[in-house]
Amino acid sequence: MSETTTPTNDPTTPARQVSGVSIRLDGVTKRYPGQDRPAVDEVSLEIPAGETVMFVGPSGCGKTTLLKMLNRLIEPTGGTIHLGDEDVTRQDPDQLRRRIGYVIQAGGLFPHMTVGTNVGMVPRMLGWDKERVTARIDELLDLVGLDPEVYRDRYPKELSGGQQQRVGVARALAADPPVLLMDEPFGAVDPITRQRLQDELLRIQEELGKTIVFVTHDFDEAVKLGDKIVVFDVGARVVQYDTPEAILADPAEEYVADFIGAGATLKQLTLTRVNSLELRPVTTASVGDDAAEALARARAAGDEYLVVLDRRGRPISWPTTAEVSRMQQIPATVDEKLPVVGLGSTLNDALDTMLAASQGGAVVLGRRDGLAGIVSIETIMAAIQRARSEVAG
Ligand SMILES: Nc1ncnc2c1ncn2[C@@H]1O[C@H](COP(=O)(O)OP(=O)(O)O)[C@@H](O)[C@H]1O
Ligand SMILES: [Mg+2]
């Protein structure tokens with residue numbers, strides 16, 4: 001079952017399925033006891049169903065307070081919040097929270113519970129029967145790129161930071177809530193892991209179409225993940241609310257321009273995605289395949305290496321033909337250094353990944369972490385040259 005893959009970077013993106021609901025804030029205010037200025041001062045904002053809206057702004061400007069009022073972890077002192085047609089302040093907070101997934105830094109997992117128990121918590125609270133909960137746990141672990149067989153019964157401390165964060169996302173999605181709130185979820189992981197988690201989120205969102213509100217202090221992250229960005233100042237004053245493209249092209253105030261940083265033209269590169277590039281097909285082989293047969297196919301295709309897929313169709317290594325010629329069977333060895341990017345990765349991400357791996361190309365993952373093709377450093381450099389000349393012109 002091995003064949004040459006066809007690139008799946010079809011530029012005509014299908015209309016995204018929407019399962020989220022809109023969120024409307026009217027004059028929302030939070031005044032903490034003993035503070036002379038409200039932390040959140042009469043904020044009005046409309047977040048469309050199925051979109052990812054990023055909250056950015058300086059530390060202490062009220063982003064977390066605003067986010068926590070959406071699921072009533074913090075009670076507003078004024079104003080109204082609607083989820084779809086429903087007034088949030090009139091709902092039972094516990095019931096409300098089951099309809100809103102919440103992801104925080106480091107996943108916020110319960111350390112004494114297994115991964116499976118963590119993920120299945122809300123469905124169990126909702127009274128789902130055991131079989132349905134078990135099936136849901138496996139489905140979600142699969143969705144966030146963790147093999148259920150391997151990870152279901154592990155404890156959080158047995159996972160890397162990035163894996164814990166994936167479990168955190170799986171848990172937040174468990175009861176299929178229409179809304180996902182994320183407060184600097186990827187702040188505590190290394191840059192390469194963060195990039196992978198961002199790619200995963202883009203892929204998951206492509207599939208699910210939730211309404212996502214995502215707090216970050218990283219403007220690049222906001223540009224990469226956001227359909228829209230809200231730039232806040234103190235008191236959660238909305239300085240600008242627009243698409244990443246519009247904010248980069250025309251920052252509303254000097255303050256926004258400062259926040260974006262000096263390299264705003266280069267930031268345009270963050271807007272260009274791997275899915276806009278031409279991907280190369282590559283010969284693939286599955287674990288356990290006969291090496292001589294795989295080698296013959298790679299040579300026939302003129303490939304100098306081939307990509308090994310695990311039993312779930314996910315790329316795990318890319319041995320050269322010279323290496324394969326010394327093998328009997330295609331091994332299950334996972335190359336931890338395999339440079340991997342998603343279709344939603346930015347050109348900056350892809351370059352970083354290749355540089356970190358000292359490789360002139362990267363494996364591109366598509367749906368469910370399947371192989372979409374190969375992107376080479378030359379293709380990326382050419383695209384960057386084009387973007388630069390467009391920005392300059
Ligand atoms: N529980 C609290 N009690 C009093 N003041 C708080 C509390 N939580 C946050 N604040 C204050 O409210 C403001 C907004 O905080 P926060 O929402 O955490 O901002 P951000 O997430 O943007 O960094 C800050 O001035 C902070 O000190
Ligand atoms: Mg905060």
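The listed residues are 161, 187, 209, 168, and the only one of them that is more than 16 Å from ligand 1 (Cβ to nearest atom) and at pLDDT below 90 turns out to be 161.
Just one of the listed residues (177, 191) is touching a helix residue (DSSP H, G or I) at 6+ places or on another chain (Cβ under 8 Å), away from ligand 2 (no atom under 16 Å from the Cβ) and under 29 Å from residue 125 (Cβ atoms), namely 177. Residue 154 fulfils the conditions (1) on the phi > 0 side of the Ramachandran plot; (2) touching a Ser or Thr at 6+ places or on another chain (Cβ under 7 Å) except for a single criterion, (1).
Is the range 79-89 home to any residue that is buried (at least 19 other Cβ atoms within 10 Å of the Cβ), touching a residue at least 12 places away in the same chain (Cβ under 8 Å) and within 14 Å of ligand 2 (Cβ to nearest atom)? Within the range 79-89 (the criterion being buried (at least 19 other Cβ atoms within 10 Å of the Cβ), touching a residue at least 12 places away in the same chain (Cβ under 8 Å) and within 14 Å of ligand 2 (Cβ to nearest atom)), the answer is no, since none of the residues qualifies. Selection of the range 206-219 for residues being open to solvent by 10 Å² or more (accessible area, probe 1.4 Å) and away from ligand 2 (no atom under 16 Å from the Cβ) yields 206, 207, 208. Where helices (runs of 4 or more DSSP H) sit wholly within the range 183-296, those with at least 3 residues that are within 27 Å of residue 99 (Cβ to Cβ) and of a type in the set (Asp, Glu) occupy 191-208.
The residue that is nearest to ligand 2 (Cβ to nearest atom), counting only those in the range 40-75 that are assigned to a strand (DSSP E or B) and buried (at least 21 other Cβ atoms within 10 Å of the Cβ), is 55. Just one residue in the set 236, 249, 188, 222 is over 12 Å from the mean Cα position of the chain (by Cα), buried (at least 20 other Cβ atoms within 10 Å of the Cβ) and of a type in the set (Gly, Ala, Ser); that residue is 236.
Taking the range 298-310 as the range and being under 35 Å from the mean Cα position of the chain (by Cα) and open to solvent by 10 Å² or more (accessible area, probe 1.4 Å) as the test, the residues that pass are 301, 302, 303, 304, 305, 309, 310. I'd like to check something: does the range 103-118 contain any residue that is under 24 Å from the mean Cα position of the chain (by Cα), within 13 Å of ligand 1 (Cβ to nearest atom) and surrounded by 15 or more Cβ atoms within 10 Å (Cβ to Cβ)? Within the range 103-118 (the criterion being under 24 Å from the mean Cα position of the chain (by Cα), within 13 Å of ligand 1 (Cβ to nearest atom) and surrounded by 15 or more Cβ atoms within 10 Å (Cβ to Cβ)), the answer is yes, since at least one residue qualifies.
Can you confirm whether the range 145-157 contains a residue that is basic (Lys, Arg), part of a helix (DSSP H, G or I), surrounded by fewer than 16 Cβ atoms within 10 Å (Cβ to Cβ) and free of Cβ contacts under 8 Å to residues at least 12 places away in the same chain? Checked against the condition, which is being basic (Lys, Arg), part of a helix (DSSP H, G or I), surrounded by fewer than 16 Cβ atoms within 10 Å (Cβ to Cβ) and free of Cβ contacts under 8 Å to residues at least 12 places away in the same chain, the range 145-157 yields no hits at all. Mind listing just one residue for me: the one in the range 3-45 that is modelled with pLDDT under 60 and among the hydroxyl-bearing types (Ser, Thr, Tyr) and, of those, nearest to residue 204 (Cα to Cα)? Among those that are modelled with pLDDT under 60 and among the hydroxyl-bearing types (Ser, Thr, Tyr), it is 13. Is there a residue being touching a strand residue (DSSP E or B) at 6+ places or on another chain (Cβ under 7 Å), among the small types (Gly, Ala, Ser) and either within 16 Å of ligand 2 (Cβ to nearest atom) or within 26 Å of residue 257 (Cα to Cα) (or both) anywhere in the range 20-36? Looking through the range 20-36, none of the residues is touching a strand residue (DSSP E or B) at 6+ places or on another chain (Cβ under 7 Å), among the small types (Gly, Ala, Ser) and either within 16 Å of ligand 2 (Cβ to nearest atom) or within 26 Å of residue 257 (Cα to Cα) (or both).
Of the numbered criteria (1) more than 22 Å from residue 140 (Cβ to Cβ); (2) among the β-branched types (Val, Ile, Thr); (3) more than 16 Å from ligand 1 (Cβ to nearest atom), the one residue 230 fails is (3).
The values are calculated or read from the model by the stated rules, or taken from the named source; none is laboratory data. Computed from a predicted model, the values in this text were never measured in an experiment. Using ideal geometry, Cβ is built from the backbone for each residue, glycine included, and neighbour counts are taken over all protein chains shown. For the accessible areas, the whole protein counts, side chains as well, though only heavy atoms, and no ligand, DNA or RNA atoms are used. Shrake-Rupley method; radii C 1.70, N 1.55, O 1.52, S 1.80 Å.
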